[in-house]
Amino acid sequence: MRSLAAIAETLRQQLGGEVVVRGDGDIPIRGIAPIDRAGEGEITHLSSPAYRRHLADTGASAVLLGEGDAEDCPCVAVVVDNPYLAFAVVSQLFEQRPELEPGIDPRAEVHPEADIHPDVRIGAFATIGAGAALGAGVQIGQGALVGERSIIGAGGDIRPRATVHHDVRMGERCVVHSGAVIGADGFGFTPHADGRWQAIAQLGGVVIGDDVSIGANTAIDRGALQDTTIGNGVKIDNLVQIGHNCEIGDHTLICGCVGIVGSTKIGRHCVFAGGAGVGGAAPIEICDNVMVSVVTTITQSITEPGVYSSGTLHNLTSRWKRNAIRFQDLDGLARRVSRLESLQWEGARGASPRKSSLRRGGAREAPR
């Protein structure tokens, strides 16, 4: 249970902007809930016009909202510049995720040559390899692995059954969710003359900055000769594949099921929506401030900031199939249109139409 005044003060400290409480700041707040389901003792937020219709009837005790909605609030209004960001901060105050007991569980396996800070929590059946180093406040969940010579910076949180292989260097306050694999071998093979594949040793490691979040069942491969690097503040969703030698710039966001081929360089403050893919014949570089929309495939470098898309929108299957067949005729159609435009231009200049050109396909009707 927290007072609304205490919540408002937390917002002021973390957001730095003006926070105005219009109403009783001493009311107790026991939790946070959606605007159409919140009840007495709960705080909610109004961050999208789509939910404004619920404001008048909300049962919440307080609402995080913008100045333009404050007059219509039926309860205590907490006026902020960015209601959704304020909601994100307040949500942290009510998280009740179970924590490990302080110290090292007797069922964990910690190598005697590992460097373990006294203020750590290591769960049952976790394994810490030789030469590994764990900073202050690090938590290693049940069954997780931290390999030889790997470093987990202060405040790191390695969730149950996550795997951090050898020679991984991780900054402070990073979170690695369950099932994630950091530092597995990159996919490096080259063929013999008889077609057999020869493995290329992956001799690099993985370097991860501060405040990075890595989602469940995500894989970040180690480098072949140089390290794979993930910048500060990068947020990676579940089921993402990042190939060897990739470089991901600070504060880039990568959503679920994205695949990034090895040696790709991605700039700062980029966003990759779900299912997007990066891969081409040559290493790809993507500049800062690029947004890639859902299921987009990037096959060439991007040098200008902006929003990029590919693929086709969904449709009825029967209609989509008809359109897909027509895709195969686009090149021929473009050539015919070009010939028609050329003839039209010649006609406009007074040249006599060349009927033979028309008969060769210039004026044939495009397939329907």
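Pairs, please: C-beta under 6 Å, at least 6 apart or cross-chain, first residue over 21 Å from GLN96 (Cα atoms) and at pLDDT 90 or above and in region 1-18, second surrounded by 14 or more Cβ atoms within 10 Å (Cβ to Cβ) and of a type in the set (A, V, I, L, M, F, W, C)?
From region 1-18, the pairs are ARG12/VAL19.
Yes/no matrix, rows are residues, columns are (1) crowded, with 17+ Cβ neighbours inside 10 Å; (2) within 20 Å of GLN142 (Cα to Cα); (3) under 19 Å from the mean Cα position of the chain (by Cα):
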position	(1), (2), (3)
GLY179	yes, yes, yes
ILE182	yes, yes, yes
GLY186	yes, no, no
PHE189	no, no, no
TRP197	no, no, no
GLN202	yes, no, no
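Which residue pairs have Cβ atoms closer than 9 Å, lie 6 or more positions apart in sequence or on different chains, and pair a first residue in region 188-199 that is more than 23 Å from ASN245 (Cβ to Cβ) with a second residue that is in a loop (DSSP other than H, G, I, E, B)?
From region 188-199, no pairs qualify.
Kindly provide the set of residues from region 219-239 that are of a type in the set (Val, Ile, Thr) and surrounded by 24 or more Cβ atoms within 10 Å (Cβ to Cβ), ordered by number. Don't jump to the end; show me each part of the working.
Initial filter on region 219-239 (of a type in the set (Val, Ile, Thr)): 220, 228-230, 234, 236.
Of everything in region 219-239, those that are of a type in the set (Val, Ile, Thr) and surrounded by 24 or more Cβ atoms within 10 Å (Cβ to Cβ) turn out to be ILE220, THR228, ILE230, VAL234, ILE236.
Given the criteria within 19 Å of ARG268 (Cα to Cα) and either outside any loop (DSSP other than H, G, I, E, B) or touching a residue at least 60 places away in the same chain (Cβ under 8 Å) (or both), does VAL307 qualify?
Numbers: within 19 Å of ARG268 (Cα to Cα): yes; either outside any loop (DSSP other than H, G, I, E, B) or touching a residue at least 60 places away in the same chain (Cβ under 8 Å) (or both): yes.
For VAL307, the condition - within 19 Å of ARG268 (Cα to Cα) and either outside any loop (DSSP other than H, G, I, E, B) or touching a residue at least 60 places away in the same chain (Cβ under 8 Å) (or both) - is met.
Hey, can you tell me all the residues within region 100-143 that are of a type in the set (Asp, Glu) and open to solvent by less than 90 Å² (accessible area, probe 1.4 Å)? Break it down into steps so the answer makes sense when it comes.
Filtering region 100-143 down to residues of a type in the set (Asp, Glu) leaves 101, 105, 109, 113, 115, 119.
Passing the criteria: ASP105, ASP119.
For GLU172, work out the one condition from (1) under 20 Å from the mean Cα position of the chain (by Cα); (2) under 26 Å from ARG268 (Cα atoms); (3) open to solvent by less than 60 Å² (accessible area, probe 1.4 Å) it doesn't fulfil.
Of (1) under 20 Å from the mean Cα position of the chain (by Cα); (2) under 26 Å from ARG268 (Cα atoms); (3) open to solvent by less than 60 Å² (accessible area, probe 1.4 Å), only one is false for GLU172: (3).
Of all residues in region 15-70, how many are among the small types (Gly, Ala, Ser) and touching a Pro at 6+ places or on another chain (Cβ under 7 Å)? Steps first, please.
Of all residues in region 15-70, those among the small types (Gly, Ala, Ser) come to 16-17, 23, 25, 31, 33, 38-39, 41, 47-48, 50, 56, 59-62, 66, 68, 70.
With touching a Pro at 6+ places or on another chain (Cβ under 7 Å) added as a condition, the list becomes 41, 47, 56, 66.
Result for region 15-70: 4.
Please state which one of GLY249, GLY256, GLY275, GLY279 is of a type outside the set (A, V, I, L, M), in contact with a Cys (Cβ under 6 Å, 6 or more places away or on another chain) and open to solvent by 10 Å² or more (accessible area, probe 1.4 Å). It would help to see each step written out before you state the result.
On the way: GLY249 fails: in contact with a Cys (Cβ under 6 Å, 6 or more places away or on another chain); GLY256 fails: in contact with a Cys (Cβ under 6 Å, 6 or more places away or on another chain); GLY279 fails: in contact with a Cys (Cβ under 6 Å, 6 or more places away or on another chain).
GLY275 is the lone residue from the list that is of a type outside the set (A, V, I, L, M), in contact with a Cys (Cβ under 6 Å, 6 or more places away or on another chain) and open to solvent by 10 Å² or more (accessible area, probe 1.4 Å).
What are the residues in region 295-334 that are at positive phi and either of a type in the set (Val, Ile, Thr) or at pLDDT 90 or above (or both), if any? Steps first, please.
We begin by selecting, within region 295-334, every residue at positive phi; these are 295, 306, 311.
If the condition is that a residue be at positive phi and either of a type in the set (Val, Ile, Thr) or at pLDDT 90 or above (or both), then VAL295, GLY306 are the ones that fit.
For region 256-267, does any single residue satisfy the condition of being in contact with a Phe, Trp or Tyr (Cβ under 9 Å, 6 or more places away or on another chain), under 25 Å from HIS177 (Cβ atoms) and hydroxyl-bearing (Ser, Thr, Tyr)?
Checking region 256-267: not a single residue is in contact with a Phe, Trp or Tyr (Cβ under 9 Å, 6 or more places away or on another chain), under 25 Å from HIS177 (Cβ atoms) and hydroxyl-bearing (Ser, Thr, Tyr).
Using the structure shown, decide if VAL295 is buried (at least 20 other Cβ atoms within 10 Å of the Cβ) and not acidic (Asp, Glu).
Numbers: buried (at least 20 other Cβ atoms within 10 Å of the Cβ): no; not acidic (Asp, Glu): yes.
No, not satisfied.
In region 318-346, how many residues are open to solvent by 90 Å² or more (accessible area, probe 1.4 Å) and among the polar types (S, T, N, Q)?
Pass one, region 318-346, residues open to solvent by 90 Å² or more (accessible area, probe 1.4 Å): 319-322, 325, 327-328, 330-331, 335, 339, 341, 344-345.
Right, trim to among the polar types (S, T, N, Q) and you get 328, 344.
Selection size over region 318-346: 2.
In region 264-288, what count of residues is obtained for those that are within 18 Å of ILE208 (Cβ to Cβ) and assigned to a loop (DSSP other than H, G, I, E, B)? I'd like the intermediate steps shown before the answer.
First, the residues of region 264-288 that are within 18 Å of ILE208 (Cβ to Cβ): 264-270, 272.
Subsequent filtering for residues that are assigned to a loop (DSSP other than H, G, I, E, B) retains 264, 267-270.
Selection size over region 264-288: 5.
The values are calculated or read from the model by the stated rules, or taken from the named source; none is laboratory data. Since the structure is predicted, the reported quantities are computational estimates derived from the model, not experimental observations. Please note: Cβ atoms are built from the backbone with ideal geometry, for glycine as well, and neighbour counts cover all protein chains shown. What goes into the accessible areas is simple: the full protein's heavy atoms, side chains included, and nothing from ligands, DNA or RNA. Shrake-Rupley method; radii C 1.70, N 1.55, O 1.52, S 1.80 Å.
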